[in-house]
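Working notes for the structure below.
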Amino acid sequence: MWKAINEHISQATNTDFKHTQKRQLQSTTTDKYFHISNGTQSYFVKIALKSELERLESESRGLQMLANNSYFNVPTCITSGANIEFSFIVLTWLDLDEQPYCQWQKMGTQLAQMHQKHDQAMFGFDIDNHLATTVQPNRWHKKWDVFFAEERIGWQLQLLAEKGIKFAKPEHIINEVKAQLHSHVVSPSLLHGDFWRGNLGFLKEVPTVFNPACYYGDRECDIAMSELYAPLPDEFYVAYNKQYPLLPSYQKRKHIYQLYPILNHANIFAGHYLTEAKQHIDKLMQ
């Protein structure tokens with residue numbers, strides 16, 4: 001595997017690369033993360049099963065979209081590939097600043113600036129991609145309420161039902177989401193899609209993002225996800241609202257938008273996330 005990775009890097013960079021240092025990094029998924037270096041060039045390597053190559057390649061597409069449509073620092077995909085057993089993606093290594101970070105105002109402003117671009121008229125994305133390791137369908141829709149209810153909540157409920165897990169009749173939940181979002185007027189924005197502390201950082205104080213799950217949707221989804229488990233510092237939200245103010249009614253929709261990542265956690269990890277998902281749905285259906 002590592003011989004193939006070295007060869008892919010050499011071909012992509014037109015250099016003779018062979019790593020002399022390799023360090024495994026912490027991962028919360030079945031993927032394996034590594035920092036490799038030859039003493040001069042350093043790279044981040046993500047390794048998954050061979051069947052996961054499409055997921056890794058969709059990550060590369062999302063990174064390119066963020067690089068082209070924002071002021072964020074984004075890692076560059078050097079190469080990707082597979083052998084008989086594994087797939088891999090190689091990204092530029094980001095030597096992030098040590099926490100605690102202090103430039104959250106810049107992060108908020110730059111996210112708002114990305115969200116202010118409304119170049120796409122519909123909701124979705126050119127390809128399906130992944131939220132963590134879960135497939136994320138992105139069929140284009142004209143109506144936001146239909147897109148979010150069906151492509152996000154409905155899809156997650158379907159995956160849970162295939163595992164024998166149901167919190168209520170899926171069609172009732174989907175219809176309730178549509179009803180609560182129906183009157184909400186949305187202009188599509190490019191979203192990071194998995195915007196939380198674990199996918200953010202700073203490189204020499206420049207806001208940096210990675211691990212995207214991009215699509216065109218309601219900008220409030222990125223904000224809602226950022227507030228779910230470990231909200232960002234107040235400076236982030238103050239700067240975001242100064243650049244692109246959220247509607248007061250966002251607080252009503254936040255609960256709906258946070259259901260999506262909660263259901264995704266339930267699908268991936270089960271355990272107490274199933275209880276959390278049920279409580280969230282019960283509150284939604286009241």
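Of the conditions (1) buried (at least 16 other Cβ atoms within 10 Å of the Cβ); (2) in contact with a Ser or Thr (Cβ under 8 Å, 6 or more places away or on another chain); (3) in contact (Cβ under 8 Å) with a residue 24 or more places away in the chain, residue 144 fails just one. Which one is it?
The failed condition is (2).
Can we say residue 172 is touching a residue at least 24 places away in the same chain (Cβ under 8 Å), out of contact with any Lys or Arg (no Cβ under 8 Å at 6 or more places or on another chain) and over 16 Å from residue 262 (Cα atoms)?
Yes, satisfied.
Quick one: which of 43, 33 is in a strand (DSSP E or B), among the aromatic types (Phe, Trp, Tyr) and surrounded by 20 or more Cβ atoms within 10 Å (Cβ to Cβ)?
Exactly one residue qualifies, and that residue is 43.
Which condition from (1) surrounded by fewer than 22 Cβ atoms within 10 Å (Cβ to Cβ); (2) in contact (Cβ under 8 Å) with a residue 60 or more places away in the chain; (3) more than 27 Å from residue 102 (Cα to Cα) is the one that residue 272 breaks?
Unmet condition: (2).
Are any residues in segment 121-155 in a loop (DSSP other than H, G, I, E, B) and more than 19 Å from the chain's Cα centre (by Cα), and if so, which ones?
The answer is 121, 122, 142, 143.
Determine which single condition residue 259 fails, assuming it passes every other condition in (1) modelled with pLDDT of 95 or more; (2) over 22 Å from residue 198 (Cβ atoms); (3) aliphatic (A, V, I, L, M).
The one condition residue 259 does not meet is (2).
Which residues, counting only those in segment 80-99, are closer than 18 Å to residue 54 by Cβ and either open to solvent by 20 Å² or more (accessible area, probe 1.4 Å) or of a type in the set (Gly, Ala, Ser) (or both)?
80, 81, 82, 83, 84, 85, 86, 87
The values are calculated or read from the model by the stated rules, or taken from the named source; none is laboratory data. The model shown is predicted, which means the values in this text are computed figures rather than measured ones. Note that each Cβ is placed from the backbone with ideal geometry, even for glycine, and that neighbours are counted across all protein chains shown. Just so you know, the surface numbers come from the protein's heavy atoms only, side chains and all, with ligands and any DNA or RNA stripped out. Shrake-Rupley method; radii C 1.70, N 1.55, O 1.52, S 1.80 Å.
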